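Values in this text are rule-based calculations from the coordinates and carry no lab data. Only a predicted model underlies this, so the values are computations on that prediction, with no experimental measurement involved. Positions of Cβ are backbone-derived with ideal geometry, glycine not excepted, and every protein chain shown enters the neighbour counts.
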Number of protein chains: 2
Amino acid sequence: MKFKNITLKDVAKEAGVSVPTASRVLNNEKFVSDAVRERVLDAARRLNYTPEWSARSLRLRKTDVIGVIIPNVADYFFSSIVLGVEKFFREKGKDIILFNTSNDERIEERAIKLAVSKRVEGIILATICRNHNVIESLVEEFGIPLVIVDNKIDVKNVDFVLCDDVNCSFKLIEHLINVHGYKKIACISGPLDESSGFDKLLGYKKALIDNGIPVKEDYIKIAYWKKSKAYEATRELLSMDNKPEAIYCMNANMLIGCLRYLNEKGVKVPDDVAVLTFDDYDYVSALNPPVTALERIDLDMGLKAAELLYRRINGEKSEYKEIRISPELVIRKSCGCK
Amino acid sequence: MKFKNITLKDVAKEAGVSVPTASRVLNNEKFVSDAVRERVLDAARRLNYTPEWSARSLRLRKTDVIGVIIPNVADYFFSSIVLGVEKFFREKGKDIILFNTSNDERIEERAIKLAVSKRVEGIILATICRNHNVIESLVEEFGIPLVIVDNKIDVKNVDFVLCDDVNCSFKLIEHLINVHGYKKIACISGPLDESSGFDKLLGYKKALIDNGIPVKEDYIKIAYWKKSKAYEATRELLSMDNKPEAIYCMNANMLIGCLRYLNEKGVKVPDDVAVLTFDDYDYVSALNPPVTALERIDLDMGLKAAELLYRRINGEKSEYKEIRISPELVIRKSCGCK
DNA sequence: AACGTTATTAATATCGTTTTCTTAACTATG
DNA sequence: CATAGTTAAGAAAACGATATTAATAACGTT
């Protein structure tokens, strides 16, 4: 069943040349005669030769492998990032190996170390880590290029690809205030020790304050990006004496939790309460009513991160960047429009 | 910045032993004195040694890498499979490298060849390929264990992990007939040259026939798993003289397309038309009304496939299996229940 | 005391590449 | 025609690990 692998030696022998010559041909180097080149290529084709990558890696000290470390592949946001990264690097002839951290800080830490020990050429990381020492020391010590997506943390010598969370949140809330005249706006927020949560809340508050509406702490529910907690939060919000007129969900997961409760109780959107979400996914526009959101950026984010990483791998030495993507509003019916 | 990598030689020197001895210690082999073992481990720790995997692979002729080939990571169904596979194999100390085929047969073919040439130890494949020669010849020639998920194709010496599509479709339709008395049931189907599409249609037809309802070809729309085509199909169905009482979407993507049309036109579910879907994802239960579906199996599928593959990698020689997962109905309101 | 046995370590070969380093042959130049 | 320069190809070394084989030490047996 399993035959002996064809090596360069076999190809060389078949073509009647030395091994290094065969190597030179297959790597498209100069200084080989056309006759020999032809013979070697022909032999390689005939024998169906495929190079042994581990030998090549060993010699060349490069693996052509990229590490992608994310909290959850089965989350639309992250899997879209992975899609972009895979597409970009596949074309460049690099493989990506995937690490799923399950939102566990220790697993993330282990994943980073593992990736480094496997000599990946670069890492794209969607971090949930609060302890940045590991990251910092690995970057310092091994000099592996690192691009962090979605969350800003305090680490040097790293590129970031982020969403312009503050302004985006701001835009959503201003729409509610300016167009619909709402004043009682609640939000279901992510955790505040992640910049993507913190900044979104910042934008929310800024929009209120700029428009002379006092921030009401009761209207802010932290649901840690989770459906079940958002469900609970929605229940609490609707059982208040001073019910909000609108609920702003800071990601799509929490939107799902929120809508589950609303549908269960027969609360009408947007008549009884308006609903907004940050992320726009396919199903958001298929909801009844379709939900107002911001344009999708995950695909773009993956692509941008990949591009940046690629340039670093190829030795670009420029200042470390912090790219902010700024999606536009996608107005649908759940906010009360139309 | 980037220091010289620490090799086993350095460790050996530091510990004052030979290289092979250091190797034996780190691989937990017998025939080393406790004193030496301690010295080597200590040296390795002090120098922060990490093995060079390509060297190890070269010598051992094993890569500890699994290939996962799927049409689209950013599709919930497939990313959930990936999640299961990653979790399983991470624990076994194996990496997974991801190939996204973008639903393109040629890319899939290339991915398989690439995976093989990278000497992955096994492959998990969600295929859309109609030309099975490539698969067959690779399995034959290289003897790499292969587990195919979601679609049955005509290939020998391969394990399958599938959904019991015929019976599941049957269950859904029978529910519509028996409980709700519907007779005019349309379906939006996947392509029929994939078993997952063909078998679902088979179950649909069987349910009708077994209950004495003639199959009406006009009620069968092929939408190739796509949102846009499902949108179009829904439009066609609702513009028929003899409108269906219920629409059965064979996957969640097509459900989204279908619902988009229904919501846009203000068609009431389930009063004007009942709706069913095959796949159940988080958002399906957050829709208004929540949509009746079958239990999720994607996570389970990934795990099962990984287990099977792992056993093959470890040399299990038993008969090749065809595992069928059989999810139960999840009855919600979109079918007219409650 | 001589020998065999066993536990521990070292020396060497090997995996499949690519990178020097050489050497040979050919070309151009005066 | 001599000499330098260029092109083409091979020989040998290297990458970092492990497997195989050989060597040594310690020990018990007779």
Inset, instruction - Using label points projected 7 Å from each Cα along Cα→Cβ, tell me how many nm separate residue B:232 and residue B:104, to one decimal. - result: 2.1
Legend entry - Estimated FRET transfer efficiency (residue B:31, residue B:92; beta-carbon r; R0 30 Å; 0.05): 0.65
Legend entry - Cross-link pairs beyond the 27 Å C-alpha cut-off, checked among B:87/B:226; A:206/A:243; B:216/B:265; B:113/B:156: B:87/B:226
Inset, instruction - Compute the label zone of residue A:117 within the stretch B:30-52: residues whose backbone N is under 16 Å from the point 7 Å along Cα-to-Cβ. - result: B:41-52
Inset, instruction - Output ³J(HN,Hα) for the stretch A:116-124: one whole-Hz value per residue in order, computed from phi by the Karplus curve 6.51 cos²θ - 1.76 cosθ + 1.60 with θ = phi - 60°, and x for Gly and Pro. - result: 4, 5, 7, 6, 4, 7, x, 10, 10
Inset, instruction - Specify the residue with the greatest mean-square fluctuation among B:20, B:145, B:51, computed from a Gaussian network of chain B linking alpha-carbon atoms under 10 Å apart. - result: B:20
Inset, instruction - Apply the Karplus parameterisation 6.51 cos²θ - 1.76 cosθ + 1.60, with θ equal to phi minus 60°, to every residue of the stretch B:155-161 and state each ³J(HN,Hα) to the nearest whole Hz, in sequence, with x for glycine and proline. - result: 9, 8, 6, 9, 8, 10, 10
Inset, instruction - Please list, in chain and number order, the residues 5+ apart from residue B:288 or on another chain whose amide H is under 5 Å from its amide H, with Hs placed from the backbone. - result: A:288
Inset, instruction - Give me a single rounded figure for B:33-40: the average over its residues of other chain Cβ atoms within 10 Å of their Cβ. - result: 0
Legend entry - Loop sites in the stretch B:36-72: trypsin sites (Lys or Arg not before Pro), DSSP, at most 11 other Cβ within 10 Å: B:61
Inset, instruction - Would you please give the residues with an amide H less than 5 Å from that of residue A:187, counting only those at least 5 places away or on a separate chain, with H modeled from the backbone geometry? - result: A:220, A:221, A:248
Legend entry - Distance from the stretch A:131-154 to the stretch B:238-270 (C-alpha centre basis), Å: 48
Inset, instruction - When a/c is below 1.5 the answer is rounded, else prolate if a/b is larger than b/c, else oblate, so apply that to the stretch B:165-296 with a ≥ b ≥ c taken from the square roots of the Cα gyration tensor eigenvalues. - result: rounded
Inset, instruction - Report, as a whole number in µm² per second, the diffusion coefficient that Stokes-Einstein gives for chain B at 37 °C and 0.692 mPa s using the Kirkwood radius over alpha carbon pairs. - result: 144
Legend entry - Label spacing, shortest first and in nm, from residue B:180 to its equivalents in the remaining copies (7 angstrom along Cα→Cβ): 3.0
Legend entry - Length released on extending from residue B:48 to residue B:19, taking residue separation times 0.36 nm less the Cα-Cα span: 8.8 nm
Inset, instruction - Would you mind listing the distances between the residue A:142 label point and the same position in each other copy? Use 7 Å along Cα-to-C-beta, nm, one decimal, shortest first. - result: 2.6
Legend entry - Derived scalar couplings ³J(HN,Hα) [the stretch B:225-233; Karplus, 6.51 cos²θ - 1.76 cosθ + 1.60; whole Hz; x for Gly, Pro]: 6, 9, 4, 4, 5, 6, 4, 4, 4
Inset, instruction - About the Cα centre of the protein assembly as shown, how large is the charge dipole given +1 on each Lys and Arg Cβ and -1 on each Asp and Glu Cβ? Please answer in debye to the nearest 20. - result: 1600
Legend entry - Rounded to 5, the percent of DSSP beta bridges in chain A classed as antiparallel: 5
Legend entry - With at most 13 other Cβ atoms within 10 Å, longest stretch of chain A clear of loop GluC sites (Glu not before Pro) (DSSP): A:30-315
Inset, instruction - Provide an ascending nm list, one decimal, of label-point separations from residue B:210 to the equivalent residue in each further copy; define each label point as 7 Å from Cα along Cα→Cβ. - result: 6.1
Inset, instruction - Check each of the chymotrypsin sites (Phe, Trp or Tyr not before Pro) in the stretch A:1-99 and keep only those in coil by DSSP with at most 10 other C-beta atoms within 10 angstrom; list them in order. - result: A:3, A:31
